[in-house]
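Participant: Can you keep this structure in mind? I'll have questions shortly.
The values are calculated or read from the model by the stated rules, or taken from the named source; none is laboratory data. This structure is a prediction, so every number in the text was calculated from the model and none was measured. Cβ placement follows ideal geometry from the backbone for every residue including glycine, while neighbour counts extend to all protein chains displayed.
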Amino acid sequence: MSLFGEVVEPGTRTAWEDWDDAGPQHDIPELKWNNALEVPDVIDLLIILDGKYVSDTLQLHSQDSVELLNTVKEASLSLYKIKLRNAYICILKDYNLLLSGEIVELLRDFVEKSKDIISVLKKPVADYQTSSLAYQPCIIRSLTTTVNLTNSYGLEFPKLEQPNILSGVGAGVLTLREHLSLSASLIVYYLEYMESSQMEEIHGLLQKLDISVASKPAPSSIINSNLYI
Amino acid sequence: MDSKHHWKWHITTYDLTNYTLVVPSVAVGNVGQLASDLIISTLGMEKLASIYTPAQIPVVGCDPYDTFSTTLSTSCEVYVATSHDLLVVQLRAPLVQKYARSFLENVVDQFQQKHIKDIIILTSSYAHEKKHIMTSPFRYISTDTTLLQEQIEGANLTLHEQQEEDLRIFGGGFAVLLFKICQEKMLPCLCLYKYCSEGDNIPDAYEMVNKFQRLVPLFDREKDIVAQLIQPASWKLLFGRPPPQEIY
């Protein structure tokens, strides 16, 4: 609830910097890998799990099939190598949207050298814009580059319709790949319950790559609620 | 940093000599961007190029001007209307300040190399910054070299009132930065802005196009301009989807 006279800026403005404030305020941190990183000449597949809700749902617990290669603390980024395959998984938790371009640049070697890239994003179903009156608790859509994936891994979904748009690292990677005439796909799950682990298709993809995923059960919202305090 | 701005030209055959480049600044109410959308949609402009840059928050979707298209559309795209010698750089996300100068210089350099004649920046400023309430909501600033002096006088435009030593348009985003870059690079530039508030800014966009038409005639002067303008497909559901039926 806003107070009378209070200036309430729409949600879309939250990513804005203050252009009116005098003086330099470029406080975006320089992103650096925690350790030295060697990037192979060719990578078969890069999977990007973009955002807190995806990374919370698909937790890569300690296992033999993946190895944590590197991290970037400022971007909550963890890069894993799938041991028996020439494939990598990049997990991004909470990050500042203004850092999206910087993160894509940080991943640029991987973005340029991967044969295929699949990014996954989760958004609340209320963000899905449609004139349809039918209610669906889970809507899966995708955006792909003009160049098709060499292997779609069975992840074929309807195109995301206008006027819906996606932003963030996954969107940046898709844009860069399109500009490089390389293949990539960005899959978005619009879900009623963001904590839901309803992502069977992505579970299936990871299992095909011999990765076991811990599905976190949906937490009780009562715990987070002020109602019972 | 320049090497990180990646241009993809979709059409390379056009000679852009003497074209006018329109650049909307991401500003209060997004009036410049909405006005650019109207111009692109109404003139049926072709996509000339798209730009990948870390200076912008990445955004992707399908073509906003064609509901049935599955072509990708990204944060920054350049459109061309050869019939009017007009270019529009449409921006769909804010610039990141840290890299803004490098990106804007790159855009100006690219088009200066193609011998465009001038740049027009469309932007907006906070309504509460307007000091003389009975005057027109439009203001302009221009370089000394502007080619539009006659049209500015014809349109009765009011000059920007500079309160401080340094040029500033509050709420106007990167407009002043781009204007200064044009000055440095000796490229004629006009910056047109409208005082407005956040909300439904579609009427502001129509007024902006109407004012722009006085400077650069694009549409039939004999007919009502509002009736001629075509809203892009992406404007549907601008204020959200219909309420779910389950609530009734």
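Participant: Tell me the helices (runs of 4 or more DSSP H) entirely within segment A:38-122 that contain at least 3 residues that are modelled with pLDDT of 90 or more. Reasoning before the result, please.
Facilitator: On the way: elements: A:52-57, A:100-106, A:108-113.
Filter on segment A:38-122 gives A:100-106, A:108-113.
Participant: Condition first: assigned to a helix (DSSP H, G or I) and within 14 Å of chain A (Cβ to nearest Cβ). Now tell me which residues in segment B:203-235 satisfy that. Walk me through it before giving the result.
Facilitator: Going through segment B:203-235, the residues assigned to a helix (DSSP H, G or I) turn out to be B:203-215, B:225-228, B:233-235.
Across segment B:203-235, the qualifying residues are B:233, B:234, B:235.
Participant: When you scan segment B:80-89, do you find a residue that is within 14 Å of chain A (Cβ to nearest Cβ), modelled with pLDDT of 95 or more and buried (at least 23 other Cβ atoms within 10 Å of the Cβ), even just one? Working first, answer last.
Facilitator: Residues of segment B:80-89 that are within 14 Å of chain A (Cβ to nearest Cβ), as a first pass: none.
The answer is no; no qualifying residue exists.
Participant: Taking segment A:172-207 as the search range and keeping residues that are in contact with a strand residue (DSSP E or B) (Cβ under 7 Å, 6 or more places away or on another chain), away from every other protein chain (no Cβ under 14 Å) and assigned to a loop (DSSP other than H, G, I, E, B), which one is surrounded by the most Cβ atoms within 10 Å (Cβ to Cβ)?
Facilitator: Selected residue: A:199.
Conditions (1) surrounded by 21 or more Cβ atoms within 10 Å (Cβ to Cβ); (2) without any contact (Cβ under 8 Å) to a residue 60 or more places away in the chain; (3) at positive phi; (4) touching a Gly at 6+ places or on another chain (Cβ under 8 Å), marked per residue:
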residue	(1), (2), (3), (4)
A:67	no, yes, no, no
A:74	no, yes, no, no
A:82	no, no, no, no
A:88	yes, yes, no, no
A:99	yes, no, no, no
A:106	yes, no, no, no
A:114	yes, no, no, no
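Participant: Any idea how many residues of segment B:128-138 are assigned to a loop (DSSP other than H, G, I, E, B), more than 19 Å from the chain's Cα centre (by Cα) and touching a residue at least 12 places away in the same chain (Cβ under 8 Å)? Spell out the reasoning first.
Facilitator: Start the filter on segment B:128-138 by keeping residues that are assigned to a loop (DSSP other than H, G, I, E, B), which leaves B:130-137.
When the remaining residues are screened for being more than 19 Å from the chain's Cα centre (by Cα), the result is B:130-136.
Checking which are touching a residue at least 12 places away in the same chain (Cβ under 8 Å) leaves us with B:130-131, B:135-136.
Number satisfying all stated conditions: 4.
Participant: Right, here's the next one. How many residues are part of a loop (DSSP other than H, G, I, E, B) and among the hydroxyl-bearing types (Ser, Thr, Tyr) if we restrict to segment B:72-91? Steps first, answer last, please.
Facilitator: So in segment B:72-91, the residues part of a loop (DSSP other than H, G, I, E, B) come out as B:75, B:85.
Next, only the ones that are among the hydroxyl-bearing types (Ser, Thr, Tyr) stay: B:75.
Qualifying residue count, segment B:72-91: 1.
Participant: Of the conditions (1) without any contact (Cβ under 8 Å) to a residue 40 or more places away in the chain; (2) surrounded by fewer than 13 Cβ atoms within 10 Å (Cβ to Cβ); (3) more than 23 Å from residue A:104 (Cα to Cα), residue A:154 clears all except one; give me its number.
Facilitator: (1) is the only condition that residue A:154 fails.
Participant: Taking segment B:171-210 on its own, how many of its residues are closer than 19 Å to residue B:143 by Cα and of a type outside the set (A, V, I, L, M)?
Facilitator: Initial filter on segment B:171-210 (closer than 19 Å to residue B:143 by Cα): B:172-194.
Pick out the ones that are also of a type outside the set (A, V, I, L, M) and you get B:172-174, B:179-180, B:182-185, B:188-189, B:191, B:193-194.
Residues flagged as closer than 19 Å to residue B:143 by Cα and of a type outside the set (A, V, I, L, M) within segment B:171-210 amount to 14.
Participant: Same structure again: Collect the residues in segment B:139-166 that are under 21 Å from the mean Cα position of the chain (by Cα) and not in a loop (DSSP other than H, G, I, E, B), keeping them in residue-number order.
Facilitator: Within segment B:139-166, B:139, B:140, B:141, B:142, B:149, B:151, B:152, B:158, B:159 qualify.
Participant: Condition first: touching a helix residue (DSSP H, G or I) at 6+ places or on another chain (Cβ under 8 Å), away from chain B (no Cβ under 11 Å) and of a type outside the set (D, E, K, R). Now tell me which residues in segment A:91-110 satisfy that.
Facilitator: Passing the criteria: A:91, A:92, A:95, A:107.
Participant: Considering every residue within segment A:150-160, establish whether at least one is in a helix (DSSP H, G or I) and either out of contact with any strand residue (DSSP E or B) (no Cβ under 7 Å at 6 or more places or on another chain) or under 21 Å from residue B:73 (Cα atoms) (or both).
Facilitator: No, the conditions are met nowhere in segment A:150-160.
Participant: With A:161, A:178, A:102 as the choices, which residue is acidic (Asp, Glu) and touching a Pro at 6+ places or on another chain (Cβ under 7 Å)? Spell out how you get there, then give the answer.
Facilitator: Numbers: A:161 fails: touching a Pro at 6+ places or on another chain (Cβ under 7 Å); A:178 fails: touching a Pro at 6+ places or on another chain (Cβ under 7 Å).
Exactly one residue qualifies, and that residue is A:102.
Let's see how each residue does on (1) within 13 Å of another protein chain (Cβ to nearest Cβ); (2) surrounded by fewer than 20 Cβ atoms within 10 Å (Cβ to Cβ); (3) part of a helix (DSSP H, G or I); (4) on the phi > 0 side of the Ramachandran plot:
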position: B:70; (1), (2), (3), (4): yes, yes, no, no
position: B:93; (1), (2), (3), (4): yes, no, no, no
position: B:101; (1), (2), (3), (4): yes, yes, yes, no
position: B:110; (1), (2), (3), (4): no, yes, yes, no
position: B:116; (1), (2), (3), (4): no, no, no, no
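Participant: Now a separate question. Restrict the check to segment B:111-129 and report whether at least one residue is at pLDDT below 95, closer than 26 Å to residue B:196 by Cβ and charged (D, E, K, R).
Facilitator: Yes, segment B:111-129 contains a residue that is at pLDDT below 95, closer than 26 Å to residue B:196 by Cβ and charged (D, E, K, R).
Participant: Follow-up. In segment B:54-68, how many residues are among the hydroxyl-bearing types (Ser, Thr, Tyr) and at the interface with chain A (Cβ under 7 Å from one of its Cβ atoms)? Give the steps one after another, and end with the answer.
Facilitator: Of the residues in segment B:54-68, the ones among the hydroxyl-bearing types (Ser, Thr, Tyr) are B:65, B:67.
Restricting the remaining residues to those that are at the interface with chain A (Cβ under 7 Å from one of its Cβ atoms) gives B:67.
The qualifying residues number 1.
Participant: Over 28 Å from residue B:128 (Cβ atoms), touching a helix residue (DSSP H, G or I) at 6+ places or on another chain (Cβ under 7 Å) and either in a strand (DSSP E or B) or within 12 Å of another protein chain (Cβ to nearest Cβ) (or both) - does that describe any residue in segment B:21-37?
Facilitator: Within segment B:21-37, the first condition is being over 28 Å from residue B:128 (Cβ atoms), and the residues that meet it are B:21.
So of that shortlist, the ones also touching a helix residue (DSSP H, G or I) at 6+ places or on another chain (Cβ under 7 Å) come out as B:21.
From what's left, either in a strand (DSSP E or B) or within 12 Å of another protein chain (Cβ to nearest Cβ) (or both): B:21.
So far as segment B:21-37 goes, yes, one or more of its residues are over 28 Å from residue B:128 (Cβ atoms), touching a helix residue (DSSP H, G or I) at 6+ places or on another chain (Cβ under 7 Å) and either in a strand (DSSP E or B) or within 12 Å of another protein chain (Cβ to nearest Cβ) (or both).
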